[in-house]
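One structure below.
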Amino acid sequence: MTTQLLPGCTGVLALADGTILQGIGVGATGTALGEVVFNTAMTGYQEILTDPSYMSQILAFTFPHVGNVGTNSDDIEQMGGGSDTSARGAIFRDVPTDAANWRADSTFDAWMKRRGVVGLAGVDTRALTKIIRDKGAPHAVIAHDPDGRFDLEALVAEAKAWTGLVGLDLAKPASTLQAFQWDEGLWEWPEGHPKTVGRKSVVVIDYGVKRNILRALASTGAKITVVPATTTAEEILARSPDGVVLSNGPGDPAATGEYAVPEIRKLVDSGKPIFGICLGHQMLALALGAQTIKMDQGHHGANHPVKDLTTGKVEIVSMNHGFAVDRDSLPDAVVETHVSLFDGTNCGIRLKDKPVFSVQHHPEASPGPTDSLYLFDRFAALMDA
């Protein structure tokens, strides 16, 4: 490969088609392989980079200035682990700035180093976004070497050889290994996250659940038990829950669905109220007889307009998904409840004859607007009924 590296280049992004983007390496040193997507959120970079739904992906921020609020221990979304179960790498227009916020306990760069997130700054992220928009999310390797030594041919070959997210079950490695209880609510000034007292028993199946989904659920009065992704319907029903939540998570829903969908069908047949979110939404749709498809760019950001067809209300929501439910495959027993006003893709369903519903977006809004928090109350009302 004949690419001439620029003076001072300490980071590169090597796409599978041979394109090389050069810049300044930040965060952890080394290399990371994944699918490159862009996120249009202006805030919440720590929550975004710790969302398990980004597992095996490299994230390009379209907002140019990142890092000014630093990082802290409260705004981590995943339950455990580092970049192995969340975003592998991050790309910025400008070098991340120093922290200037009263909640910060670390700079962004130092935090990325500790987590093992490989970063690349000084990149034309608008040009990269256009590549993704026109050609789909590319496979790539991001690399950071303070000495600026890169085997570009090997990096491109590694990106080209990767098979991608289709057919990949990532929920299992992202999930908890054993059941646990959760009693922490949404953040309140000035105490932080209060302890909650649950009155309705809810089992959350962890396919890569976010902490703020659990907090939003707990704040409605739910007594929460989180269980591994491979937990059977019989084991869940033995806990006599008042409701079940199918969580968000990474990977191909059809792959995870090989073991999860039969159990979800049993849970639907039980008559228990069920609330699916993101990956949980997609696998609920599969369990009800629909199909899922891989999107070219996916939806990643905190400014996505979605219409609630039940109320006619338009919400601005937080989204993070690369697969979608094929709305044309929805069976007669399923009603479409939400639709994206960006591209018309399906964003929500419910069953006509059972207390079962789901949405594609992240209603806890971390980060993002809180337009969709009512969905947790809707689920609580189903359990009360």
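The values are calculated or read from the model by the stated rules, or taken from the named source; none is laboratory data. Predicted model, so just to flag it, every value in this text is computed and none were measured. Backbone-built Cβ (ideal geometry, glycine too); neighbour counts: all protein chains shown. Accessible surface areas use protein heavy atoms only, side chains included; no ligands, DNA or RNA. Shrake-Rupley method; radii C 1.70, N 1.55, O 1.52, S 1.80 Å.
The residue of the stretch 31-69 that is farthest from LEU155 (Cα to Cα), among those that are of a type outside the set (S, T, N, Q) and without any contact (Cβ under 8 Å) to a residue 40 or more places away in the chain, is VAL69. Checking each residue in the stretch 33-84 for being farther than 20 Å from GLN297 by Cα, outside any loop (DSSP other than H, G, I, E, B) and either of a type in the set (D, E, K, R) or at pLDDT 95 or above (or both) picks out GLN46, GLU47, THR71, ASP84.
Inside the stretch 353-372, residues that are within 17 Å of the chain's Cα centre (by Cα) and assigned to a loop (DSSP other than H, G, I, E, B) make up a count of 11. Only one entry in SER201, SER247 is hydroxyl-bearing (Ser, Thr, Tyr) and either within 21 Å of the chain's Cα centre (by Cα) or buried (at least 24 other Cβ atoms within 10 Å of the Cβ) (or both), namely SER247.
When the stretch 135-149 is limited to residues that are in contact with a strand residue (DSSP E or B) (Cβ under 9 Å, 6 or more places away or on another chain) and open to solvent by 40 Å² or more (accessible area, probe 1.4 Å), the one that is nearest to PRO96 (Cα to Cα) turns out to be PRO146.
Taking the stretch 289-310 as the range and being open to solvent by 30 Å² or more (accessible area, probe 1.4 Å), in contact with a strand residue (DSSP E or B) (Cβ under 6 Å, 6 or more places away or on another chain), at pLDDT 95 or above and not in a strand (DSSP E or B) as the test, only LEU309 passes.
The residue pairs whose first member lies in the stretch 327-340 and is polar (S, T, N, Q), whose second member is not in a strand (DSSP E or B), and whose beta carbons are closer than 9 Å, counting only pairs six or more residues apart or on different chains, are SER329/ALA285; SER329/GLY289; SER329/ALA290; SER329/GLN291; THR337/LEU309; THR337/THR310; SER340/GLN360; SER340/HIS361. Of everything listed in (1) touching a residue at least 12 places away in the same chain (Cβ under 8 Å); (2) at negative phi, the single unmet condition for CYS278 is (2).
Scanning the stretch 204-241 for residues that are open to solvent by 40 Å² or more (accessible area, probe 1.4 Å) and in a loop (DSSP other than H, G, I, E, B) returns SER219, THR230, THR232, ALA238, ARG239, SER240.
Evaluate the following for ARG350: is it open to solvent by 10 Å² or more (accessible area, probe 1.4 Å), of a type in the set (Lys, Arg), under 21 Å from HIS304 (Cβ atoms) and not in a helix (DSSP H, G or I)?
Numbers: open to solvent by 10 Å² or more (accessible area, probe 1.4 Å): yes; of a type in the set (Lys, Arg): yes; under 21 Å from HIS304 (Cβ atoms): yes; not in a helix (DSSP H, G or I): yes.
For ARG350, the condition - open to solvent by 10 Å² or more (accessible area, probe 1.4 Å), of a type in the set (Lys, Arg), under 21 Å from HIS304 (Cβ atoms) and not in a helix (DSSP H, G or I) - is met.
Which of the residues spanning the stretch 74-86 are without any contact (Cβ under 8 Å) to a residue 40 or more places away in the chain and either open to solvent by less than 10 Å² (accessible area, probe 1.4 Å) or more than 19 Å from the chain's Cα centre (by Cα) (or both)? Once the filter is applied, which keeps residues that are without any contact (Cβ under 8 Å) to a residue 40 or more places away in the chain and either open to solvent by less than 10 Å² (accessible area, probe 1.4 Å) or more than 19 Å from the chain's Cα centre (by Cα) (or both), the stretch 74-86 yields only SER86.
Hey, does the stretch 316-326 have a residue that's in contact with a Pro (Cβ under 8 Å, 6 or more places away or on another chain), surrounded by 19 or more Cβ atoms within 10 Å (Cβ to Cβ), without any contact (Cβ under 8 Å) to a residue 60 or more places away in the chain and not charged (D, E, K, R)? Spell out how you get there, then give the answer.
The initial filter retains those residues of the stretch 316-326 that are in contact with a Pro (Cβ under 8 Å, 6 or more places away or on another chain), namely 316-318, 323.
With surrounded by 19 or more Cβ atoms within 10 Å (Cβ to Cβ) added as a condition, the list becomes 317-318, 323.
Filter once more, keeping what is without any contact (Cβ under 8 Å) to a residue 60 or more places away in the chain: 317.
After this cut, where a residue has to be not charged (D, E, K, R) as well, the list is 317.
Yes, some residue in the stretch 316-326 is in contact with a Pro (Cβ under 8 Å, 6 or more places away or on another chain), surrounded by 19 or more Cβ atoms within 10 Å (Cβ to Cβ), without any contact (Cβ under 8 Å) to a residue 60 or more places away in the chain and not charged (D, E, K, R).
Does any residue of the stretch 91-113 turn out to be basic (Lys, Arg) and either within 15 Å of LEU170 (Cβ to Cβ) or buried (at least 20 other Cβ atoms within 10 Å of the Cβ) (or both)? No, the stretch 91-113 has no match at all.
Among the residues of the stretch 187-198, the ones that are in contact (Cβ under 8 Å) with a residue 24 or more places away in the chain and either open to solvent by 50 Å² or more (accessible area, probe 1.4 Å) or under 16 Å from the mean Cα position of the chain (by Cα) (or both) come to 2 in all.
Restricting to the stretch 242-266, give me the number of residues that are of a type in the set (D, E, K, R), more than 19 Å from GLN178 (Cα to Cα), touching a helix residue (DSSP H, G or I) at 6+ places or on another chain (Cβ under 8 Å) and assigned to a helix (DSSP H, G or I).
2
Every condition in (1) part of a strand (DSSP E or B); (2) within 23 Å of LEU168 (Cβ to Cβ) holds for LEU286 except the one numbered (1).
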